[in-house]
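The values are calculated or read from the model by the stated rules, or taken from the named source; none is laboratory data. All values reported here derive from a predicted model rather than from experimental measurement. Every residue, glycine among them, receives a Cβ derived from its backbone with ideal geometry; neighbour counts consider all protein chains shown. SASA here: full protein model, heavy atoms, side chains in, ligands and nucleic acids out. Shrake-Rupley method; radii C 1.70, N 1.55, O 1.52, S 1.80 Å.
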Amino acid sequence: MTDDAPQPDRVEGARHPRDTPKLIGQTAAEAAFLDAFNSGKLHHAWMLTGPRGVGKATLAWRIARFLLATPDPDDGGMFDMPKADTLDIDPEHPVARRVAAGAEAGLKSVTRTINPDTKKMRKQIVVDDIRALNGFFQMSAADGGRRVVIIDDADEMNPNAANALLKMLEEPPERAILLLLSHQPSSLLPTIRSRCRTLRLSTLNADQMAEALAGSGVEVDADPAALAELSGGSVGGALRLSLMGGVRTYADLVSLLSSLPQMDRGRAIKLAEAAAQRGGEAKLDLLFTLLDLLLVRLARTGATGAPPAQPACADEIAVLQRLSPSPAQGRAWADAAQQISDRARHGLAVNLDPAALVLDTLRQIGQTAPR
């Protein structure tokens, strides 16, 4: 892959997980892996699960560096090896330097690749991407060391690729460790899941989010607490929101809805026209994601009788309580959220005019507001 080609395992504008020096908020998952390593009974395949953007890829690269740089705890030496208590590897360690340079022979990363016919990024990991691992495993590891494979992410394998991987899991190569990243493990073959040990990563709270964002290498111009709330505790999601002005967009939506049931048509048209700008597919997708989130928060406020504990922007609590004052109104918002989501997906699939699609969505929201 060329340097200017898109990287499906990286948030555009942010540091690659390989180069992220510290993993925040996942001490339980790291401790579980270290316990397995120190026991001398390391499983050959691990599935790292959890919501998108919580650090699965960062953990996979940390594990890979650790495995390639750390001797086995039962290597048969004269002295007992001390138990490893961290996955940290000195950045100046030869393995760490080779991994950073993309020159570590014992490590292979599998992601979606460029289709040589169309010159575009494939939407799936194909069987040839998995079969290429056979040659990697057949190469003799330096000094009899390990081979580590990161598949980011396993959810994107097509059926042929999944079957090829299953065969490897059934007959694992000697001294090979496979790290599968999965946001939705239920979508994978049960036989793949059953042959992997699972490490589940959790979402981050506001304090952890602030620490993670501070070390991300991205200049964040929004409140970390708001980013944590809107992203559902996902660092990757928070970075995307920050880079695309997501907190400001959400605040604009809340402000627009504050005028309901009489929506400010001029502001609605301005929002729709901004979403329809050429090349704005990502921003259009973000807008509908935030609209869906706002509708869900309205539905929950009515159903529970209480707004979210952490507002995502100024005045949000007041708007949620006014527009969803009862369980019945909460149900109305929940129904509207489903209908709007279905219509938006259909509209995007058939390439409806983005401005018209946004205005139609806002019209539906206005009709659902209490009179």
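List of remarks:
- Qualifying residue in the range 179-189 (condition: polar (S, T, N, Q), surrounded by fewer than 23 Cβ atoms within 10 Å (Cβ to Cβ) and touching a Pro at 6+ places or on another chain (Cβ under 9 Å)): no
- Scope the range 162-171; condition open to solvent by 90 Å² or more (accessible area, probe 1.4 Å) and not in a loop (DSSP other than H, G, I, E, B); matching residues: 167, 170
- In the range 249-264, the residues that are open to solvent by 10 Å² or more (accessible area, probe 1.4 Å) and part of a helix (DSSP H, G or I): 249, 251, 252, 255
- Subset of the range 343-358 (residues that are in contact with a helix residue (DSSP H, G or I) (Cβ under 8 Å, 6 or more places away or on another chain) and either under 12 Å from residue 287 (Cα atoms) or among the acidic types (Asp, Glu) (or both)): 344, 354, 355, 357, 358
- Checklist (1) touching a residue at least 40 places away in the same chain (Cβ under 8 Å); (2) open to solvent by less than 20 Å² (accessible area, probe 1.4 Å) applied to residue 298, failing item: (1)
- When residues of the range 88-111 are limited to those that are assigned to a loop (DSSP other than H, G, I, E, B) and in contact with a helix residue (DSSP H, G or I) (Cβ under 6 Å, 6 or more places away or on another chain), the one least open to solvent (accessible area, probe 1.4 Å): 106
- Matching entry among 279, 330, 305 (being at pLDDT 90 or above and open to solvent by 20 Å² or more (accessible area, probe 1.4 Å)): 305
- Residue list for the range 208-240, restricted to those being assigned to a loop (DSSP other than H, G, I, E, B), touching a residue at least 60 places away in the same chain (Cβ under 8 Å) and open to solvent by 40 Å² or more (accessible area, probe 1.4 Å): 217, 232
- Test: residue 106 is at pLDDT below 95 and farther than 23 Å from residue 16 by Cβ: no
- Test result for residue 154, under 21 Å from the mean Cα position of the chain (by Cα), over 18 Å from residue 52 (Cα atoms) and touching a residue at least 24 places away in the same chain (Cβ under 8 Å): no
- Qualifying positions in the range 175-207 - closer than 26 Å to residue 162 by Cα and part of a helix (DSSP H, G or I): 185, 186, 187, 190, 191, 192, 193, 194
- Where residue 246 falls short, out of the listed (1) within 23 Å of residue 285 (Cβ to Cβ); (2) open to solvent by less than 20 Å² (accessible area, probe 1.4 Å); (3) within 15 Å of the chain's Cα centre (by Cα): (3)
- If you go through the range 190-207 and keep only what is under 17 Å from residue 57 (Cβ atoms) and open to solvent by 40 Å² or more (accessible area, probe 1.4 Å), you end up with 198, 200, 202, 203.
- Any hit, the range 51-72, residues being under 21 Å from residue 38 (Cα atoms), in a loop (DSSP other than H, G, I, E, B) and touching a helix residue (DSSP H, G or I) at 6+ places or on another chain (Cβ under 9 Å): yes
- Within the range 122-161, the residues that satisfy the criterion of being in contact with a strand residue (DSSP E or B) (Cβ under 9 Å, 6 or more places away or on another chain), part of a helix (DSSP H, G or I) and open to solvent by 10 Å² or more (accessible area, probe 1.4 Å) are 127, 129, 132, 136, 137, 155, 156.
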